[in-house]
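The structure appears right after this line, and notes come after that.
Taken together, the values in this text are just the output of simple stated rules run on the coordinates, not laboratory data. The structure presented is a predicted model; accordingly, all values stated were derived computationally and were not measured. Here Cβ is always computed from backbone atoms with ideal geometry, including for glycine, and neighbour counts include all displayed protein chains.
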Amino acid sequence: MNLKRLESILDDLEGFSDPNIRYEQYVTPSYVAARMLHTISLSNHIEGKMIVDLGTGPGILAIGSALLGAHYVVGVDIDSSVFQIALSNLADLDELFVGQPPIDFVESDVTKCVLKPKSFDVAIFNPPFGTKGNSGIDVSFIKAALDLTKVAVYSLHKSSTRSFIVKKGEQLGAKVEVLGQFSYDLPATYARHSKAVKAIDVDLLRFSHR
Amino acid sequence: MKLLTHNMLTSRCLKGVTNGYPLKIVANEVKTENVDYNSEFIARVIPKVDWKVLSSTASDFGVSLPEEPPADIESNEDMLRKVHHALLEIEITQGDLICPETGRKFPIKQGIPNMLCNEDEVK
């Protein structure tokens with residue numbers, strides 16, 4: 001599936017119906033999600049792989065991974081209200097899969113270990129950035145993801161925190177690379193200032209197991 | 001919830017729990033689904049699963065697998081299809097997962113296990 005087609009499918013999916021500020025819920029824009037998944041796919045880290053999406057929300061990255069041929073995907077989220085949206089998004093794409101899509105969802109706190117270590121090949125996620133009184137949550141997600149995977153972790157982080165995140169990743173034993181940068185609008189609820197929307201720069205990082 | 005997911009889930013985050021594995025399944029509603037089969041992909045999953053747990057769980061759902069994976073499994077199409085069916089096509093939609101050490105129940109609703117714990121339950 002090419003990038004344009006993926007982006008257009010992801011663009012039709014539903015986002016959060018009632019975003020919860022506590023969990024910094026906002027949808028990964030479809031052009032970012034599609035480019036992120038496309039980049040990962042070019043590294044041969046989606047097709048046939050076992051993938052976990054931490055903080056899956058409406059399931060955009062989990063569903064996108066399955067569309068690109070992941071063998072099995074688990075989407076984890078702490079907020080049960082997101083699963084109705086994720087399931088309905090999946091149901092809408094029914095005809096794009098042979099049989100049922102190979103996706104399961106698990107309701108869990110990402111930072112509490114309920115999955116066995118090294119169960120997955122790859123983790124793909126857009127974590128909370130830790131700007132709403134939950135600082136450090138992004139690093140907790142990376143730590144959890146490295147624990148759960150054998151091959152690599154792909155995630156989005158604010159470019160302004162790049163050197164800090166890269167250092168943390170290296171301290172956790174991973175090789176860290178910046179694969180790309182996106183600019184996107186964050187809803188005003190998550191910005192520090194009261195402008196309607198705030199454009200932020202976001203890095204796509206890859207943490208590889210050594 | 002698929003048996004592949006069950007094969008990975010633990011209650012090791014609970015206080016006083018050492019392994020929390022495998023979780024016992026009480027299935028109140030089970031569906032069988034059709035999931036795209038790929039022999040190469042499923043062969044790669046097999047070394048990653050806990051086979052003993054899979055074979056004992058699968059037998060509870062009417063799929064009989066040997067106690068050990070056959071040596072020739074990668075070229076054994078019938079066996080690969082059986083494993084694919086057990087891991088990905090049996091869907092537990094309602095029920096409970098139960099911690100083997102504390103008996104704590106984790107409900108499964110609409111196929112989604114709720115593994116959330118209260119702050120005072122976790123390590």
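Just a few scattered comments:
- Taking the fewest neighbouring Cβ atoms within 10 Å as the starting point, the ordered list for B:MET115, B:MET1, A:MET1 is A:MET1, B:MET115, B:MET1.
- Neighbour net charge for A:PHE207 - beta-carbon separation under 14 angstrom, K R +1, D E -1: +2
- Pairwise FRET efficiency - B:PHE61 versus A:ASP201, Cβ, R0 = 51 Å, nearest 0.05: 0.55
- When the helices of chain A are scored as -39500 (n - 2.57) per DSSP H run of n ≥ 4 and the total is divided over every residue, the value at 222 nm lands at -9000 deg cm²/dmol.
- The Cα-based radius of gyration of the range A:3-209, divided by its Kirkwood radius, gives an Rg/Rh of 0.93.
- Close Lys pairs in chain B (alpha-carbon distance under 22 Å; sequence gap of 8 or more, or different chains): 22.
- The antiparallel fraction among DSSP beta bridges confined to the range A:3-209 stands at about 55%.
- Lysine pairs in chain A whose alpha-carbon atoms fall under 16 angstrom of each other, counting only those eight or more residues apart or on distinct chains, come to 17.
- Taking the Kirkwood radius as Rh and the Cα radius of gyration as Rg, chain B has a ratio of Rg/Rh equal to 1.00.
- Nearest-ten-degree value, helix B:51-60 long axis tilted from longest Cα axis of chain B: 90 degrees
- Centre-to-centre, using Cα atoms only, the range A:8-48 and the range B:14-48 are separated by 26 Å.
- Distance in nm between pseudo-label sites at B:ILE98 and A:LEU96 (7 Å out along the Cβ direction from Cα): 4.0 nm
- From least to most packed, judged by other beta carbons within 10 angstrom and beginning with the fewest, A:PHE129, A:PHE105 follow the order A:PHE129, A:PHE105.
- Stretchable slack from A:LYS175 to A:MET1, in nm (0.36 nm times residue separation minus alpha-carbon distance): 59.7 nm
- Relative contact order (%) - criterion: Cα under 8 Å, at least six apart; region: the range A:51-159: 28 percent
- The range B:51-114 and the range A:121-141 have Cα centres separated by 31 Å.
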